[in-house]
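Undergrad: Quick one: this structure, given as structure tokens, is what I'll be asking you about.
What follows is calculated from the coordinates using simple rules that are stated; it is not laboratory data. Here the structure is a predicted model, which is why all the values come from computation and not from measurement. All Cβ positions, even for glycine, are placed from backbone atoms using ideal geometry, and neighbour counts span all protein chains on display.
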Amino acid sequence: MTGYRDRERLAELWSAEVDLFRAARPESEKLWRAATRHLPDGVPMLWMAKWPGPWPVYVRSALGAHFTDVDGIDHVDLCLGDTGAMCGHAPAASVRAISEQLAKGSTFMLPTEDAAVAAELLTERFGVPSWQFTLSATDANRSLIRYARQVTGRRKILVHDYCYHGSVDEAFATLDDTGAVVERRGNIGAPVPPSETTMVVPFNDVAALEAALSTGEVAAMLIEPALTNIGIVLPDDGYHDAVRELCTRFGVILIIDETHTISAGPGGMTTTWGLSPDAVVVGKSIGGGIPAGAFGMSAELAERARRSLELEDIDVGGVGGTLAGNALSLAGVRATLSEVLTADAFVGMTARATEWTAGVQAVLDEFAVPWQVTQLGARAEYSFRATPPRDGAEAAAADDFELQQYLHLHALNRGILITPFHNMALMCPVTTTADVERHSLAFREAVSSLYA
Ligand code: PMP
């Protein structure tokens with residue numbers, strides 16, 4: 001166990017950072033106090049209350065890799081809306097395309113020319129040729145789960161232990177100490193026990209996967225190709241070959257959720273690592289900052305799904321939504337993929353993440369701190385354990401919420417935003433080396449306060 005032992009020191013450091021925060025953010029405090037009248041915890045979506053510090057930071061405006069809060073403080077944004085703004089804030093090409101479409105009407109329940117262009121761009125990147133659009137990655141996952149059940153006639157979905165795929169009921173399952181499937185901690189109002197809908201295997205565990213799939217009960221395996229929601233956990237050599245082979249052998253639809261792992265490159269890990277899914281999910285970033293998600297299917301899956309549906313019932317079938325595939329989203333996707341999140345942009349983003357990783361590693365080495373840092377293209381994350389985790393349970397065991405909150409608040413007080421719920425940093429196309437160095441410097445100061 002490599003946990004931080006001097007809890008008294010941590011508590012003192014935390015309280016000093018809270019004082020700093022209070023003194024520097026009076027305008028945020030005012031807005032937050034007013035907001036608490038009609039918003040639970042003063043926020044429009046409860047996750048926003050999970051930031052470190054006594055109240056949330058209110059944003060005035062943002063551009064590129066920076067935002068300014070209502071107290072006039074400039075921040076390097078390494079959170080980027082937890083990937084929703086991976087293209088940078090207000091990217092010019094996306095803003096132009098979205099604004100033009102907005103002025104021409106935004107939602108018709110009819111297609112616009114942008115839809116087919118966006119689908120072609122996604123096909124070029126991810127290989128699978130048949131696409132549908134949603135408003136979120138969650139909904140894209142939900143749609144594919146339904147199609148998978150529909151075409152296989154099977155009920156169960158298989159996920160990795162400690163996965164996250166959005167607010168998808170089937171995915172809030174984890175393994176207990178005996179290896180049984182149980183509800184994940186914090187699961188709100190589960191419709192049925194997850195063991196009825198879900199099988200769970202540890203990441204990188206081929207034997208467990210084979211045992212689960214061989215039951216013949218699994219419709220789809222829904223996975224991130226690397227875990228990114230419990231720290232970053234990379235696949236072992238050969239793991240994805242085994243996943244593909246087993247899914248094929250047992251007739252299971254392999255869904256790869258690239259919502260976060262798109263950080264690996266323009267076509268996510270699917271292209272960078274040469275994977276062959278039956279279906280791909282993307283979301284968050286692809287609209288240039290406005291709601292857009294998508295799912296792509298192999299020709300075979302698309303054909304099976306389409307054949308199983310009656311158009312007469314399609315609007316009440318559980319896939320799709322009134323605003324899904326709207327003209328505004330599609331204008332955003334087309335512009336963002338063709339002009340912002342380009343192959344060239346990924347070269348710079350990945351280089352910045354490599355610098356960030358090296359900056360963190362140098363500090364860990366200097367102070368002999370037993371933490372590790374893992375990079376996945378434009379994204380990197382450190383965790384409080386000495387070696388890279390091989391599965392979600394190992395990664396979860398290294399959690400230290402108080403330590404994390406301290407590091408985040410320390411960074412925030414120095415104008416650096418780290419993704420909440422993670423120790424993760426994401427680079428956008430205009431993140432600079434100077435932005436990264438600002439983090440390295442602050443991180444050194446924080447680690448030194450803990451370990452020097
Ligand atoms: N899939 C993955 C891998 C994610 O990390 C997330 C969100 N963190 C989602 C899906 C869901 O995205 P959204 O909340 O935008 O629907």
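Undergrad: Multiply the residue separation of Leu323 and Ala190 by 0.36 nm, subtract the distance between their alpha-carbon atoms, and state the gained length in nm to one decimal.
TA: Numbers: separation 133, 0.36 × 133 = 47.88 nm, distance 2.61 nm.
Full-extension gain reported as 45.3 nm.
Undergrad: Mind running the shape call on the stretch 56-100? Use the C-alpha gyration tensor, a ≥ b ≥ c as the square roots of the eigenvalues: rounded below 1.5 for a/c, prolate if a/b tops b/c, oblate otherwise.
TA: Prolate, because a/c is 1.5 or more and a/b exceeds b/c.
Undergrad: Please work out whether the stretch 190-260 counts as rounded, prolate or oblate from its C-alpha gyration tensor, where a ≥ b ≥ c are the square roots of the eigenvalues and a/c under 1.5 means rounded, while otherwise a/b larger than b/c means prolate and anything else oblate?
TA: oblate
Undergrad: Once amide H atoms are built 1.01 Å from N in the peptide plane, which residues 5 or more positions from Ile416, or in another chain, come under 5 Å H to H?
TA: For Ile416, whose amide H was placed from the backbone, the distant partners under 5 Å are Val76.
Undergrad: Using Cβ contacts closer than 10 Å as the measure, can you line up Leu20, Leu122 from fewest to most? Could you put the intermediate results ahead of the total?
TA: Working: Leu20 16, Leu122 24.
Ascending number of Cβ neighbours within 10 Å: Leu20, Leu122.
Undergrad: So who's got an amide H within less than 5 Å of the one on Phe172, skipping anything under 5 residues away but keeping other chains? H placed 1.01 Å off N, in plane.
TA: none
Undergrad: If you don't mind, another one. Hey, what do the phi angles of the stretch 169-177 turn into as Karplus ³J(HN,Hα) couplings, whole Hz, using 6.51/-1.76/1.60 and θ = phi - 60°, x for Gly and Pro?
TA: Calculated HN-Hα couplings, in order: 3, 4, 8, 8, 10, 9, 9, 8, 4 Hz.
Undergrad: A further question on this structure: Would you order Ser143, Ser106, Ser263 from fewest to most other beta-carbon atoms within 10 Å of each residue's own beta-carbon? List each step's numbers first, then the result.
TA: Numbers: Ser143 25, Ser106 16, Ser263 29.
So the residues, fewest neighbours to most, are Ser106, Ser143, Ser263.
Undergrad: Same structure again: Short version: ³J(HN,Hα) in whole Hz for each residue of the stretch 281-295, in order, from phi by Karplus 6.51 cos²θ - 1.76 cosθ + 1.60 (θ = phi - 60°), x for Gly and Pro, what are they?
TA: 10, 9, x, 6, 7, 6, x, x, x, 10, x, 6, x, 7, 10
Undergrad: Let me have the 222 nm mean residue ellipticity of the chain computed from DSSP H runs of 4+ only, each contributing -39500 (n - 2.57), with the sum over all residues rounded to the nearest 500.
TA: Mean residue ellipticity at 222 nm (helix-derived): -12000 deg cm²/dmol.
Undergrad: Fewest Cβ neighbours within 10 Å first, please rank Val117, Val360 accordingly.
TA: Ranked by crowding around the Cβ, least crowded first: Val117, Val360.
Undergrad: Quick one: 3J(HN,Hα) in Hz for the stretch 391-407, Karplus 6.51/-1.76/1.60 with θ = phi - 60°, rounded, Gly and Pro as x.
TA: With the stated coefficients, the stretch 391-407 comes to 8, x, 5, 4, 5, 5, 5, 8, 4, 8, 4, 5, 5, 4, 4, 4, 4 Hz.
Undergrad: Now a separate question. Using mean Cβ contacts within 10 Å as the protection proxy, how do 69-76, 210-217 order, highest first? Before the final figure, lay out each step's value.
TA: Working: 69-76: 17.0, 210-217: 15.1.
Those peptides, ordered most packed to least, come out 69-76, 210-217.
Undergrad: Using only Cα atoms, what Kirkwood radius does the stretch 15-103 have, in angstroms?
TA: Final number for the Kirkwood radius of the stretch 15-103 is 14.6 Å.
Undergrad: Mind checking the full-extension length gain between Asp71 and Ala207? Use 0.36 nm per residue of separation minus the Cα-Cα distance, one decimal, nm.
TA: Once the chain is fully extended between Asp71 and Ala207, it gains 43.5 nm.
Undergrad: Any idea how far apart Thr342 and Ser308 come out in nm if each label point goes 7 Å out from Cα toward Cβ?
TA: For the pair Thr342/Ser308, the computed spacing is 4.1 nm.
Undergrad: Between Ala331, Ser130, Ala212, whose Cα lies farthest towards the positive end of the dipole of the chain when Lys and Arg beta carbons carry +1 and Asp and Glu beta carbons carry -1, centred on the Cα centre?
TA: With unit charges placed on the Cβ atoms, the residue in question is Ala331.
Undergrad: Ranked from highest to lowest mean number of other Cβ atoms within 10 Å per residue, what is the order of the peptides 237-247, 45-55?
TA: Listed from highest to lowest mean packing, they are 237-247, 45-55.
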